[in-house]
Amino acid sequence: MLKLTEWKLQWFEPGDKNPLEIAAPLYIDHFWMTTKVPGDVHSTLVEKKIIEDPFVGHNDLKCRWIEEKEWWYRTTFNWNDKCVDEDYIELLFEGLDTFATVYLNGVEIGSTDNMFIEHSFEVTRELNIGKNTLAIKFDPLFTHIDQKVRDYWCSYGKERIWTRKAAMNFGWDWGPRLVTTGIWKDVSIIKRSKAKINSVFAKTADISSEYADVSVEIEVDKHFQYYDSLSCDIELRTSSISHIERISNIQKSGVVTFKVENPKLWWTHDLGEPHLYDLNITLKDQYHQQIDHYHQKFGIREIKVEQKHENGENLFAFNLNGVRIFAKGANWIPVHNFIGAVEDSRYCKLLQLAKDSHMNMMRVWGGGIYEKDVFYEECDRLGILVWQDFMFANALYPDYNQNFMENVRNEVSKVIKRIRAYTCLAIWCGNNEIDWIYDRKSSDGVEITTPFYGEKIYHELIPQLLYRYDSTRLYWPSSPFGTNDDTDLDSEAVGDTHNWQVWHGNVEPRKKGEPVFQDISLEGVSFKNYKKDKTRFSSEFGMHASSNRYTLSKHIPEGEFYWKSDEMSYRNKDHFHEKGILLMEGFTGIPKNIDEYMNFSMLTQAEGLKYGIEHYRRNKPFTSGALIWQHNDCWPGTSWSMIDYELLPKASFYYAKKFFDPVLATLEHDPGKDLRISIINDQLTTIKDSLIIEVLSLSGEKLFSEEIDYLIDGNAVEELGTFSEKNVLNGADASEVIVRLVSQNQCFQDNVYYLRDYKDITYPKADFNIERKHDDNSITIQATTVARFVKLDIFQSEVQCSDNFFDLLPGESKKVYLWELEGKVINIEKIEVSALNS
């Protein structure tokens, strides 16, 4: 195999040049730009300083011209491997973005129109022994779709519905419009002999206490000149045991089944070890010579979605190896606007952070990409389940057009065959929000006058192809989705939901066909609305928070880093900025400056997510999942993310390390009402412990304390007790106390609550002592008074803390350890320590 990584790049006005002239081997490209593959045009132009960084200020607007040009890639390479009769050469493009025409040695060998899938061409005759020239022309989108765009519903750029590329390229409510183009995945020349392994599907057919049946299906493609028999050796191996089977005479496909005794099962990291076997397949010719080889990691596990409880109530609960789990996680968007140029390490870092915050599921959202292999490989390795959307989001798609549908059919078939191999994959989902929003918009009677274009994709084409290629996972047509008579598709009574009452102010419940209302008011967008939600599975919910100071200041032009500046406003791509103001007004009060905005928005997001997730977890198993919108950012903006663009976690990430902990003690309380204490145990073992509830004044005086002995089974929720607010206050004002839940045996992390909102509490001025140690990268903070929301402000990318955004009582101290994700030196002295009341 030869990978082609060094290329040249140039642009032209569309149609100005004869393509055969530019593709010709003798064409002079000496003065073209050099560029790397994988990559993209924008990243190359930034590197060459032809455009300013699109992430700084309004620079993204300055580079809109890129999407209007015709872009060419060229490379030359030497090939000296001769072919015999049964050999052939494959030119493989793993990702071309998007409308591309491929020329080899001046000959047009094919064209592509889909970013999401690989494209391969046999080039045995066209390849020269010696020097070769490969050229690819990328057309601007408008040359293919301008005459096709119709005026029907599509969020963020109507041209995208005809273009099989990442929808977020056209802008979204958390990122800018940056329409990429280029070679975004590897390009390889592969010499093959006689045949190749085309597809492998290993699946767990059955599990019992003593054994597991593992079925392995294999598809091969024979070269048209090869007629003799083939054989396959299949090995399933762990460190100590190897299982081997053989298919002696394989034509186009074959299947073997292993009976694995005492199998090591794959678990999510919170329940056990995500054990992976090695699967090796060797394809051999009639002389028993190897002609192709395939390897993957494979986990033995059983995954299903339960939709009915034993008592008859509706569920939407993932069951792993017989255990009904609570899915704790987040939605995943592309890790960068320039996906092709991103290092694999960014994936590894973000997924490790997900595991660190106890997440066991990621939802790959339908407006991005089918993720790179590294994403699924890391989820397999780390023990994180994947909810996989197909790439259709918030629009009507032209399912009436046969060429478009054939493109989609090819895409879906290839995607299924690629991603089904991964153990982490738990569910397929047809689209993001399309079924739900179509009903909502058509009910308004104004915005939608067309049929449900795209319905054939999600309700006919995809399920047909999944029945053929992967019937081992549940297919869910859309998210949110439910099939309960005349209820809204976002009904909490069935299926999964997107809770956008909080933040967007959606008024629920609603029935199909009823008008849509939004209450964008203090009460309408408040995170207190989470408590009304009895969803079966909340697959999207969240609220904005500022990025960290370092991330914002690095990308906002000098003089513009202040509250309500045009540049700060530009960081927020949501249409109605007042929603964030209302959320803060209801909890922290309205910020008066940039520091208050960063702090208030982060505190509101963190406390709001804690409020919602603790409620959802208390309702287990009838609520069985909470996937926050969203885990990561693709650019340095203000968004719903928990980790900002510079891989600096927001406060909500550090809160998640506590509210997603497998064992959690919670307090449910409304002002003036009783305090209800519950314990949640997602582990599979019984816990015997004592919970201590403490009520302390802001000066640290103990006003109330009680110890509750408890015994809780594995995978269970128990309410431990109810306390009168009046009794626990012991004469103090409710706005002047702190409630803390403590485990006597350290079975759960301390959980701290305030009985009134932040804006209704008057904190004394915080004072603390700080000790910095360079030998172990630590900072110790000791409070002499109560310190609310102690923050370590970090002026460096990718630095993590053992804890951050925490509270300290008088006399308490905390030692915080810091590390940089690539092991770089941290400037401890530069880190600022503050609290909201300091």
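No lab work stands behind these numbers, since they all come straight from the coordinates. Keep in mind the model is a prediction, meaning the values are calculated, not measured. As a convention, Cβ positions derive from the backbone with ideal geometry for all residues, glycine included, and neighbour counts pool all protein chains shown.
Going by alpha carbons, how many degrees (0 to 90, nearest 10) lie between the helix axis of 344-356 and the longest principal axis of the chain?
30 degrees
In nm, to one decimal, how far is the LEU26 label point from the GLU245 one, both placed 7 Å along Cα→Cβ?
My value for the distance between the label points is 5.8 nm.
For the chain, what's the relative contact order in percent, using C-alpha pairs closer than 8 Å and at least 6 residues apart?
Details: 1973 pairs, mean separation 73.2, N = 838.
Rounded, it is 9 percent for the chain.
Name the long-range amide H neighbours of HIS243: under 5 Å, sequence gap of 5 or more, or other chain; modelled H, no Pro or chain starts.
Counting only residues 5 or more places away or on other chains, the set is LEU236, ARG237, THR238.
Quick one: check the C-alpha center-to-center distance for the range 40-91 versus the range 628-643, whole angstrom.
Cα centres, the range 40-91 to the range 628-643: 28 Å.
Pull up all non-local amide H partners of ILE51: gap of 5 or more, or a different chain, and H-to-H distance under 5 Å with H placed in the peptide plane.
VAL46
Taking the beta-carbon count within 10 Å as an exposure proxy, list ASP344, ASP285 from fewest neighbours to most. Spell out each step's value before the answer.
Values: ASP344 14, ASP285 18.
By the 10 Å Cβ count, ascending, the order reads ASP344, ASP285.
Explain nothing, just compute: Karplus ³J(HN,Hα) = 6.51 cos²θ - 1.76 cosθ + 1.60, θ = phi - 60°, for every residue of the range 786-803 in order, whole Hz, x for Gly and Pro.
In residue order, the calculated couplings are 4, 10, 8, 6, 5, 10, 9, 8, 10, 10, 6, 5, 6, 8, 10, 10, 5, 7 Hz.
Round to a whole angstrom and tell me the spacing of the C-alpha centers of the range 137-206 and the range 652-708.
47 Å
For the chain, list the cysteines whose Cβ sits under 4.7 Å from no other cysteine Cβ?
Cysteines of the chain left without a disulfide-compatible partner: CYS63, CYS83, CYS154, CYS232, CYS348, CYS429, CYS634, CYS747, CYS801.
Just to confirm my numbers, what's the Cα centroid distance between the range 776-819 and the range 542-556 in Å?
Distance between centres, Cα-based: 20 Å.
Mean residue ellipticity at 222 nm from the helices of the chain, using -39,500 (n - 2.57) per DSSP H segment of n ≥ 4 over the full residue count, to the nearest 500 deg cm²/dmol? Mind dumping the intermediate values first?
On the way: 15 runs with 141 residues, N = 838.
Dividing the helical sum by the residues of the chain leaves -5000 deg cm²/dmol.
May I ask you to sort VAL305, VAL41 by Cβ crowding, counting other Cβ atoms within 10 Å and putting the fewest first?
Values: VAL305 18, VAL41 29.
Going from least to most buried by this count: VAL305, VAL41.
What label, among (i) -0.76, -1.05, -1.16; (ii) -0.77, -1.22, -1.35; (iii) -0.58, -1.17, -1.39, belongs to log10 I(q)/I(0) by the Debye sum over Cα atoms at q = 0.07, 0.10, 0.11 Å⁻¹ computed from the structure on display?
Here log10 I(q)/I(0) by the Debye sum over Cα atoms at q = 0.07, 0.10, 0.11 Å⁻¹ agrees with entry (iii).
Over the range 665-760, calculate the relative contact order: mean separation of alpha carbon pairs under 8 Å at least 6 apart, over the residue count, as a percent.
Working: 201 pairs, mean separation 30.8, N = 96.
The value is 32 percent.
So for TRP32, TRP172, fewest C-beta neighbours within 10 Å to most, what's the order?
Working: TRP32 16, TRP172 23.
So the residues, fewest neighbours to most, are TRP32, TRP172.
Among 743-750, 191-198, what's the highest-first ranking by average C-beta atoms within 10 angstrom per residue?
Details: 743-750: 15.1, 191-198: 18.4.
Peptide ranking by packing, descending: 191-198, 743-750.
Compute the long axis of helix 594-618 from its Cα atoms, compare it with the longest principal axis of the Cα atoms of the chain, and write down the angle in degrees, 0 to 90, nearest 10.
90 degrees
From the phi of every residue in the range 84-89, what ³J(HN,Hα) in whole Hz does the Karplus formula 6.51 cos²θ - 1.76 cosθ + 1.60 yield, where θ is phi - 60° and glycine or proline is x?
For the range 84-89, the Karplus curve yields 9, 4, 9, 8, 8, 10 Hz.
Sort 712-719, 386-393, 372-379 for me by packing, meaning the mean count of neighbouring Cβ atoms within 10 Å per residue, highest on top. List each step's numbers first, then the result.
Numbers: 712-719: 15.6, 386-393: 24.9, 372-379: 21.5.
My ranking of the peptides, most packed first, is 386-393, 372-379, 712-719.
Please list 3J(HN,Hα) in residue order for the range 701-711, calculated via the Karplus relation 6.51 cos²θ - 1.76 cosθ + 1.60 where θ = phi - 60°; whole Hz, with x for glycine and proline.
Result, ordered by residue: 6, 7, 9, 7, 7, 8, 10, 10, 6, 8, 10 Hz.
Under 5 Å between amide H atoms, partner at least 5 residues away or on a different chain: which partners does ILE333 have, H built in plane at 1.01 Å?
Those lying under 5 Å, H to H, from ILE333 are HIS631, ASN632.
Based on the alpha-carbon gyration tensor of the range 504-642 and its eigenvalue square roots a ≥ b ≥ c, which shape applies: rounded if a/c is under 1.5, prolate if not and a/b is larger than b/c, or oblate? Present the calculation step by step, with values, prior to reporting the outcome.
Numbers: a/c = 2.09, a/b = 1.74, b/c = 1.20.
Verdict is prolate for the range 504-642.
What length, rounded to one decimal in nm, is gained on full extension from ASP760 through to ASN18, with 0.36 nm per residue of separation minus their alpha-carbon distance?
Values: separation 742, 0.36 × 742 = 267.12 nm, distance 7.05 nm.
Residue separation times 0.36 nm, minus the Cα-Cα distance, leaves 260.1 nm.
Rank-order 218-228, 611-621, 426-436 by packing density, defined as the average count of other C-beta atoms within 10 Å over each peptide's residues, highest first.
Sorting 218-228, 611-621, 426-436 by mean packing, highest first, produces 426-436, 611-621, 218-228.
I'd like the FRET efficiency for PHE704 and LYS528, computed as 1/(1 + (r/R0)^6) with the beta carbon distance as r and R0 of 22 Å, rounded to 0.05. Before the final figure, lay out the partial values.
On the way: r = 25 Å, r/R0 = 1.12.
Plugging the Cβ-Cβ distance into 1/(1 + (r/R0)^6) gives 0.35.
How much length would be gained if the chain were fully extended between SER724 and ARG346, taking 0.36 nm per residue of separation minus their Cα-Cα distance, in nm to one decimal? Provide the component values of the computation, followed by the final result.
Numbers: separation 378, 0.36 × 378 = 136.08 nm, distance 4.87 nm.
Length difference between fully extended and current span is 131.2 nm.
Tell me, in nm to one decimal, what length is gained between ASP53 and ALA716 on full extension, where the rule is 0.36 nm per residue of separation less the Cα-Cα distance? Write down the numbers at each step before the final one.
Numbers: separation 663, 0.36 × 663 = 238.68 nm, distance 5.05 nm.
Result: 233.6 nm gained on full extension.
Restricting to Cα pairs below 8 Å that are 6+ residues apart, what does the relative contact order work out to for the range 303-660? Please round to a whole percent.
So the answer I get is 20 percent.
Rounded to the nearest 0.05, what FRET efficiency is calculated for ASN745 and ALA205 with R0 set to 56 Å and r the Cβ-Cβ distance?
Values: r = 42 Å, r/R0 = 0.75.
After rounding to 0.05, the efficiency reads 0.85.
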